[in-house]
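The structure appears below as structure tokens.
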Amino acid sequence: MLSRFIISTLAAVLLPFTNSTALAEDSKEKAASVTEEDGKHFDAEGNPTFKIENGIVDWYTFNGYRRYHADCHVCHGPDGEGSSYAPALAKTMKNVDYGTFLSIVAEGRKSVVGGKEVVMPAFGDNKNVYCYLDDIYIYLRARAVDAAPRGRPPKKANKPEAATAYEASCMGG
Ligand code: HEC
């Protein structure tokens, strides 16, 4: 009697916790594209996501790959695999949602790891990064849920006109 009581009490306390943890973590299912606007994909919650079919990646995933390797890989490693200095985004992005990603990259971060200070620089005034934040997010999201393999995507969709227009206004503005 007593142990049954303890177990059901524990379950009542722990279940909501495990559920919310499971909900918080990104997955292939959560990242599935449900809408598309001019070659850009969005999940059920309206957050940007990737679309990879028959080895062909959408433009944003491909461009995110390029932009990541221009500005992030020096610290976070090739393909988001991490380094001794910075976390493996190809894993940790499972637990970083879109809004959090935007604010970390815009504002940067500092912490002390093993007695040493590590710095994530702020990119809020770097056009080469902030004009492509969605692209980088989409690419890393695909890596973190194991939808995109390591390396340069061999096949990609054509660049949508909307991407060209956005790029021109962001880089010029
Ligand atoms: C100079 C090295 C450096 C560069 C360049 C850099 N980062 Fe970071 N980044 C870090 C460090 C160090 C951390 C860990 C900071 C902490 O824990 O406080 C970090 C953390 C992050 C996090 C949080 C990850 C997590 O596990 O919580 C994200 C997201 C991120 N970086 C994205 C990027 C993106 C996108 C770029 C390229 C535009 C980039 N970083 C470029 C060093 C860097």
Relative to the longest principal axis of the chain, what angle (0 to 90°, nearest 10) does the C-alpha long axis of helix 161-172 take? 80 degrees
Between the helical axis of 2-24 and the dominant principal axis of the chain, each derived from Cα atoms, what acute angle in degrees is found, rounded to the nearest 10? 10 degrees
Can you tally the net charge around Ala106? Count Lys and Arg as +1, Asp and Glu as -1, for every other residue whose Cβ sits under 14 Å from the Cβ of Ala106. -2
Considering the chain as a Gaussian network with a 10 Å cut-off on Cα pairs, which listed residue, Asp146, Asp58, Asp125, attains the greatest mean-square fluctuation? Asp125
Compute all pairwise cysteine Cβ distances in the chain, then list the cysteines with no distance under 4.7 Å to another cysteine. Cys72, Cys75
Tell me, Kirkwood radius of the chain from alpha-carbon pair distances, in Å? 17.6 Å
What whole-number value in Å² describes the accessible area per residue of the chain for a 1.4 Å probe? 60 Å²
Pulled fully out, how much extra length does the chain show between Ile104 and Ser169, if you take 0.36 nm times their separation in residues and subtract their Cα-Cα distance? 21.0 nm
For the chain, what is the mean residue ellipticity at 222 nm derived from helices alone (per DSSP H run of n ≥ 4: -39500 (n - 2.57); sum divided by total residues; nearest 500 deg cm²/dmol)? -14000 deg cm²/dmol
By the C-alpha gyration tensor axes a ≥ b ≥ c (rounded if a/c is under 1.5, else prolate when a/b exceeds b/c, else oblate), the shape of the range 81-173 is oblate
Got a sec to turn the phi values of the range 108-115 into Karplus ³J(HN,Hα) couplings, 6.51 cos²θ - 1.76 cosθ + 1.60 with θ = phi - 60°, whole Hz, x for Gly and Pro? x, 7, 9, 8, 10, 10, x, x
Mind checking which lysines have their Cα closer than 24 Å to the Cα of Lys94? Skip sequence neighbours fewer than 8 apart in that chain. Lys28, Lys30, Lys40, Lys51, Lys110, Lys156
Taking only Cα atoms, what is the 0 to 90° angle, nearest 10, from helix 98-107's long axis to the longest principal axis of the chain? 60 degrees
Which one of Tyr132, Tyr60, Tyr85 has the biggest mean-square fluctuation once the chain is modelled by GNM with Cα springs under 10 Å? Tyr85
Using a 1.4 angstrom probe on heavy atoms only, work out the carbon and sulfur share of the accessible area of the chain in %. 58 percent
For the chain, the dipole about the Cα centre with charges only on Cβ (Lys and Arg +1, Asp and Glu -1), to the nearest 20 debye, works out at 580 debye
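The values are calculated or read from the model by the stated rules, or taken from the named source; none is laboratory data. The shown structure was predicted, so the numbers you read here are calculated from the model rather than taken from an experiment. Don't worry about glycine lacking a Cβ; one is built from the backbone with ideal geometry, like all the others, and counts go over all protein chains shown. Quick note on the areas: whole protein, heavy atoms, side chains included, nothing else; ligands and nucleic acids left out. Shrake-Rupley method; radii C 1.70, N 1.55, O 1.52, S 1.80 Å.
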